[in-house]
Amino acid sequence: MAEKLIIFDTTLRDGEQSPGASMTKEEKRRIARQLERMRVDVIEAGFAASSEGDFQAVHAIAGEVKESIVCSLARANERDISRAAEALRPAGRFRIHTFIATSALHMEKKLRMSPEQVYEQARQAVRLARRFTDDVEFSPEDGSRSDMDFLCRVLEGVIDEGATTINVPDTVGYAVPEGYAALIRELRERIPNSDRAVFSVHCHDDLGLAVANSLAAVKSGGARQIECAVNGLGERAGNTALEEVVMALKTRRDYFGLDVGIDASQIVATSQMVSEITGFAVQPNKAIVGANAFAHASGIHQDGVLKARDTYEIMRAQDVGWSANKIVLGKLSGRTAFKQRLSELGVAIESDAELNAAFVRFKALADREAVISDDALVGLVR
């Protein structure tokens, strides 16, 4: 049996950090229920200490979600961790995710703390979180830009304190796939107690590499959890897109050799719910969930797909929740697709000559109009 990759969804926490994507408690509850329906392993419900509203949302979700692990983010201090634990108390299974920055830049400019102070605070935070739960995740913020020796020391320390998941964030989207995979691999090899924790990745898309970095870290680095968000929602350019990593792992299971527990047939419904609630439209050519992801406009592609779907589709539209793929008739379409659509509309073609004449009229119309209605198609023949 193949190993399972853990899908950790942060739509409700990091996703909400997209400017303008704020959600109400009820909206978060709706999304959390849908994430559970999709069988997400871990739902990061929010940052309980950040506001009373977020506390209440995490608390409500913790009381409703039964199958997924519910998680709250917490800075590496007593107030945040205690607040997270209080919000998560109703959950059957919950995780506290605590973090502190470890890069020289962040420690000096943002935290104004010495490396030794950061090291001690990281250990203390995990020690405190373990009072509330055995499921503790630790993240060294800006991990991809941290000194390797210091990063190893911090992560060894927090694992000693009981951290069960080690998440190494590419907080500013600086990493590239080969280097990020090597980072995760080196950490796992150098840290003596690394076998006591699951290694996780959290990538941002500032260079458009979040999905590539996450998958490289899984394949070559040995990470076994990916943190991601529906529609790639998140701070700045966004997070790793859940739908993309899930379908990459499912479609190329021959390459990755890992199982994911996600019910992929719920992906489109989840994407559409998140888009509706946040007001963030999904671009038409977005992989998996974009309106054009399974649409074919080229005559060559249409001809192939109508003869055998897998000539131009590596996934079935239905597998991710679309009702079907789409053949879009336009100026690039050929006779095969034109004839097929007429047949679907119940229009009988008496002869090749009649088809050819109607097709000529169709091409002339398609040069003038980008969208051709079914009524207009029928009118070309009758």
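All of the numbers you see were taken from the coordinates with simple rules; none came from a lab. Only a predicted model underlies this, so the values are computations on that prediction, with no experimental measurement involved. Cβ coordinates were reconstructed from backbone atoms using ideal geometry, including for glycine residues, and neighbour counts include every protein chain displayed.
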- Comparing CYS152, CYS228, CYS71, which has the greatest mean-square fluctuation in the GNM of the chain with Cα pairs linked when under 10 Å apart? CYS152
- Task: Rounded to whole Hz and in sequence order, give me ³J(HN,Hα) for region 240-253 from the Karplus expression 6.51 cos²θ - 1.76 cosθ + 1.60, θ = phi - 60°, writing x for Gly and Pro.
- Result: 3, 7, 4, 4, 6, 5, 4, 6, 5, 5, 6, 5, 10, 4
- For region 285-328, size of Cβ-based charge dipole, Lys and Arg +1, Asp and Glu -1, in debye: 80 debye
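Arranged from highest to lowest average of other beta-carbon atoms within 10 Å per residue, in what order do the peptides 79-87, 22-30 appear?
In descending order of packing, they fall as 79-87, 22-30.
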- Query: Toward the positive end of the charge dipole of the chain, about the Cα centre and with charges on Cβ (Lys, Arg +1; Asp, Glu -1), which of TRP322, GLY157, SER72 goes farthest?
  - Reply: TRP322
- Message: Which three extents, in angstrom, do the Cα atoms of the chain have along their principal axes, listed largest first?
- Response: 83, 43, 41
- For an R0 of 30 angstrom, estimate the FRET efficiency from the Cβ-Cβ distance between GLN340 and THR251 and round to the nearest 0.05. 0.70
- Task: Quote to one decimal, in nm, the extra length available between ASP160 and GLU178 on full extension: 0.36 nm per residue of separation minus the C-alpha distance between them.
- Result: 3.6 nm
- State to the nearest 20 debye the size of the charge dipole of the chain about its Cα centre, where the only charges are +1 on K and R beta carbons and -1 on D and E beta carbons. 480 debye
- Note on the structure: For region 296-379 the mean separation of alpha carbon contacts under 8 Å (6+ apart) over residue count, i.e. relative contact order in percent, is 30 percent
- Filtered GluC sites (Glu not before Pro), region 288-382: DSSP coil and at most 15 other beta carbons within 10 Å: GLU350, GLU369
- Equivalent ellipsoid semi-axes - Cα gyration tensor, region 231-382, angstrom: 36, 18, 12
- Mind checking the dipole of region 228-382: about its Cα centre, +1 per Lys or Arg Cβ, -1 per Asp or Glu Cβ, Debye to the nearest 20? 340 debye
- Message: Between ASP134 and SER275, what's the calculated FRET efficiency when r is the beta-carbon distance and R0 is 51 Å? Round to 0.05.
- Response: 0.90
- Going by alpha carbons, how many degrees (0 to 90, nearest 10) lie between the helix axis of 352-368 and the longest principal axis of the chain? 50 degrees
- Among beta bridges that DSSP assigns inside the chain, antiparallel share in %, nearest 5: 5 percent
- Quick one: helix 177-190 against the long Cα principal axis of the chain, what's the angle to the nearest 10°, folded into 0 to 90? 30 degrees
- What is the spin-label model distance, in nm, from LEU105 to ARG190 if the labels are put 7 Å beyond Cα along the C-beta direction? 1.9 nm
- Query: For GLU78 and ALA297 in one chain, what is 0.36 nm times their gap in residues minus the Cα-Cα distance, to one decimal in nm?
  - Reply: 73.1 nm
- Task: Anything over 18 Å Cα to Cα? Flag those among LYS250/LYS326; LYS4/LYS66; LYS219/LYS286; LYS286/LYS326; LYS307/LYS339; LYS4/LYS250, in the order listed.
- Result: LYS250/LYS326; LYS4/LYS66; LYS219/LYS286
- Note on the structure: Between ALA353 and SER114, the two model label points (7 Å from Cα along the beta-carbon direction) sit apart by a distance in nm of 9.6 nm
- Item | Dipole-positive endmost among VAL305, PHE362, ALA91 within the chain (Cβ charges, Cα centre) | PHE362
- Message: As a test of the formula, what do you get for the chain when each DSSP H run with n ≥ 4 contributes -39,500 (n - 2.57) and the sum is divided by the residue count, at 222 nm and rounded to the nearest 500 deg cm²/dmol?
- Response: -12500 deg cm²/dmol
- Query: Taking springs between alpha-carbon atoms closer than 10 angstrom, which of ASN292, ASN231, ASN356 fluctuates most in the Gaussian network model of the chain?
  - Reply: ASN356
- For region 3-278, with +1 on Lys and Arg beta carbons and -1 on Asp and Glu, the positive-most of GLY15, SER220, ALA264 along the dipole: ALA264
- What is the helix-to-structure angle for 25-37, meaning the angle in degrees between its Cα long axis and the longest Cα principal axis of the chain, kept from 0 to 90 and rounded to the nearest 10? 70 degrees
- Message: Just to confirm a number: summing +1 for Lys and Arg and -1 for Asp and Glu over residues other than GLU178 whose beta-carbon lies under 14 angstrom from that of GLU178, what do you get?
- Response: 0
- Note on the structure: So the compactness index of region 96-205, its C-alpha Rg divided by 2.2 N^0.38 Å, takes the value 0.98
